[in-house]
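Nothing in this text is a laboratory measurement; each read-out follows from the coordinates by a stated rule. Only a predicted model underlies this, so the values are computations on that prediction, with no experimental measurement involved. Here the Cβ is made from the backbone with ideal geometry for all residues, glycine too, and neighbour counts use every protein chain on show.
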Ligand SMILES: *Cc1c(COP(=O)(O)O)cnc(C)c1O
């Protein structure tokens, strides 16, 4: 499939859809801008040192500097990048652009990130679940790629959401299998690889497949490794034809200027060096914490993780949760998820915080 053919997978009623034409989308030149009903004065609260008082203007929908910086970071061309309000927006855009409302299906592989199903349900789209396989003793979760392909074909799904490294499982998916799945579904569906935790994994990004696979989309975010969750900046990496379609479905001004400024600073070399050093620390701490938890008699299993968290099964998850909470430590209770009735998800903290976790759990009442 050529890069342009991916538009064949887009909703037929949206293929010629232009979206909202904002005042910003016209390529006019001038010194006095009176075309968008903005204020001619800056707000006194608009810090001129940070944004040059520029917040009074509607922002550039896709600032070239940000697109360029994200493209450099993720090893793709700027035309393969759509910047948006975190991966949450990207998930929603993909569902809306590819699935007609009240029609069609997406495939997910539980246990997984909840937003894929939420976006699909809000759009009236059926959710087909192909649960991950749990391997034997101490093995990681794995994806049943054949079953995913079969179910996607049977349901006529337009989207397959994969998460790598997975949330909450922590395991990365083999790229060859993702590649083969995209090839098999190339006339039918876009395969989405959510790499919200990609920085913490060793394996290369699925973005390395984009040159060959037009029906692939990779989701990245500055929320986790880059420590900018509140700035709400994420990116879709995909073929330029698909990026264009998603842009036309996106809100006219998705990126607040102060957030873009912050992201650009975070993507400058000095900040990136700090981020990389912290990612390295998380990787070391993750293995240290995993070993310490394994040694706790109240812990049934700690899954191997390529992310910045550990999924952990307990003999008595309530006691573990309570012991942590008594020490002021809040972790994610996973017990409501199918197959995870005894599990908690613990984010990797600073070395000191991780020691507190180990200490708090050593005081946990172990059920007989
Ligand atoms: C945290 C998380 C996200 C959310 O990313 P935002 O960019 O903050 O919206 C996306 N996907 C997964 C799997 C996550 O765990």
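Between 181, 237, 133, where does the largest GNM mean-square fluctuation fall for the chain, given springs only between Cα atoms within less than 10 Å?
Result: 133 has the largest fluctuation of those listed.
Helix 317-326 versus the longest principal axis of the chain: what is the Cα-based angle in degrees, 0 to 90, to the nearest 10?
70 degrees
Give me 319, 49 ranked fewest to most by other Cβ atoms within 10 Å of their Cβ, as a rough exposure proxy.
Neighbour counts put them in this order, fewest first: 49, 319.
Taking every DSSP beta bridge with both residues inside the chain, roughly what % is antiparallel (nearest 5)?
In the chain, approximately 60 percent of DSSP beta bridges are antiparallel ones.
Please arrange 73, 311 by counting, for each residue, the other beta carbons lying within 10 Å of its beta carbon, fewest first.
So the residues, fewest neighbours to most, are 73, 311.
In whole Å, how far is the Cα centre of segment 189-238 from that of segment 66-109?
Using only Cα atoms, the two centres lie 9 Å from each other.
With equal scatterers on the alpha carbons only and no solvent term, can you work out the Debye log10 of I(q)/I(0) for segment 58-118 at 0.22 1/Å?
-0.96
In whole Å and largest first, what semi-axes does the C-alpha gyration tensor of segment 271-367 yield when each eigenvalue is scaled by 5 and square-rooted?
Equivalent-ellipsoid dimensions as semi-axes: 23, 14, 12 Å.
Could you tell me how many degrees, from 0 to 90 and to the nearest 10, lie between the Cα long axis of helix 269-294 and the main elongation axis, the longest principal axis, of the Cα atoms of the chain?
20 degrees
Given a Förster distance of 41 Å, report the FRET efficiency between residue 183 and residue 32 from their Cβ-Cβ distance, rounded to the nearest 0.05.
Here the calculated transfer efficiency is 0.15.
In a Gaussian network model over the chain where Cα atoms closer than 10 Å are linked, find which of 121, 247, 85 has the largest mean-square fluctuation.
The residue that fluctuates most here is 121.
May I ask for the angle, rounded to the nearest 10°, between helix 257-266 and the longest principal axis of the chain, with both axes built from Cα atoms and the value confined to 0 to 90°?
60 degrees
May I ask for the Kirkwood hydrodynamic radius of segment 81-220, worked out over all distinct Cα pairs and given in angstroms to one decimal? Intermediate results must be reported in sequence, preceding the final value.
Working: mean 1/r = 0.0670 Å⁻¹.
One decimal place: 14.9 Å for the Kirkwood radius.
Report the normalised scattering of segment 311-360 as log10 I(q)/I(0) at q = 0.13, 0.23, 0.32 Å⁻¹, calculated by the Debye formula with identical scatterers on the alpha carbons.
Debye curve over Cα of segment 311-360, log10 I(q)/I(0) at q = 0.13, 0.23, 0.32 Å⁻¹: -0.27, -0.81, -1.29.
I need the per residue convex hull volume for segment 178-277, using only the alpha carbons, in cubic angstrom as a whole number.
111 Å³
Run the helix sum for the chain: -39,500 (n - 2.57) per DSSP H stretch of 4+ residues, divided by residue count, reported at 222 nm to the nearest 500 deg cm²/dmol.
-10500 deg cm²/dmol
Using Cβ contacts closer than 10 Å as the measure, can you line up 314, 321 from fewest to most?
With the fewest neighbours first, 314, 321 line up as 321, 314.
Once you order the gyration tensor axes a ≥ b ≥ c over the Cα atoms, which shape class does the chain get: rounded for a/c under 1.5, otherwise prolate or oblate by comparing a/b with b/c? Spell out each step's value before the answer.
On the way: a/c = 2.14, a/b = 1.34, b/c = 1.60.
Oblate.
If I take R0 = 30 Å and measure r between the Cβ atoms of residue 154 and residue 211 in this structure, what FRET efficiency does the formula 1/(1 + (r/R0)^6) give, to the nearest 0.05?
Efficiency at R0 = 30 Å is approximately 0.50.
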